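What follows is one structure encoded as structure tokens, with my remarks underneath.
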Amino acid sequence: MVIALLVLSPESVSALRNAARDRVQNSLNLAYGSAMASVGLTIPTIAVAMIWIDGELVLGLERLQIVLLAITVAISTLTLAQGRAKTLQGVVHLVLFATFLFFSVKP
């Protein structure tokens with residue numbers, strides 16, 4: 001997790017600055033690119049490391065998280081298919097993210 005935070009922090013700060021300057025498309029491109037690079041590098045690295053580490057690798061999602069992931073993929077496809085992102089679409093993505101965080105925190 002620490003490595004992911006270190007990798008994601010520069011692009012996240014840049015994405016926030018672009019969003020504050022009303023450059024939603026640049027902000028989304030930075031955020032998605034950074035997240036995809038982090039996931040695309042971290043998961044295979046952990047999977048290879050599990051060859052030498054005792055234990056089970058579990059990357060599962062609960063049903064609600066799978067539904068939210070599917071909705072996110074659908075909305076992301078609609079957002080990116082247009083070529084330009086609008087502020088409202090960015091808000092929809094933030095609401096989905098907040099929903100995911102709200103339902104992922106266990107009491």
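The values are calculated or read from the model by the stated rules, or taken from the named source; none is laboratory data. Only a predicted model underlies this, so the values are computations on that prediction, with no experimental measurement involved. Side chains included, ligands, DNA and RNA excluded: accessible areas come from the protein's heavy atoms. Shrake-Rupley method; radii C 1.70, N 1.55, O 1.52, S 1.80 Å.
Per residue, the accessible area of the chain comes to 77 Å² when a 1.4 Å probe rolls over the protein heavy atoms.
Taking the C-alpha atoms only, the angle from helix 24-49 to the longest principal axis of the chain is near 10 degrees. Phi-derived couplings, Karplus 6.51 cos²θ - 1.76 cosθ + 1.60 at θ = phi - 60°, listed residue by residue for region 93-100: 5, 5, 5, 4, 5, 4, 4, 4 Hz, with x used for Gly and Pro.
Only protein atoms count toward the accessible area here, which uses a 1.4 Å probe; on the chain, the carbon and sulfur part of that area reaches 72 percent.
Pairs of alpha carbons in the chain separated by more than 19 Å make up 56% of all such pairs. Among rounded, prolate and oblate, which fits region 58-107 when a ≥ b ≥ c are the square roots of the eigenvalues of its C-alpha gyration tensor, a/c under 1.5 means rounded, and a/b larger than b/c means prolate? Note, shape of region 58-107 comes out oblate.
Entry note, the chain: relative contact order of 26 percent, from Cα contacts under 8 Å with a spacing of 6+ residues. Taking θ as phi - 60° and the Karplus parameters 6.51, -1.76 and 1.60, the scalar couplings of region 79-91 work out to 5, 7, 5, 6, x, 9, 9, 9, 4, 4, 5, x, 5 Hz in sequence order, x denoting glycine and proline.
Net length available on complete extension from ALA70 to ILE46 is 6.2 nm, with 0.36 nm assigned per residue and the Cα-Cα distance removed.
Of the listed residues PHE97, PHE102, the order by accessible area with a 1.4 Å probe, largest first, is PHE102, PHE97.
Shape of region 1-57 from the C-alpha gyration tensor: prolate (a/c of 1.5 or more and a/b above b/c, with a ≥ b ≥ c the square roots of its eigenvalues).
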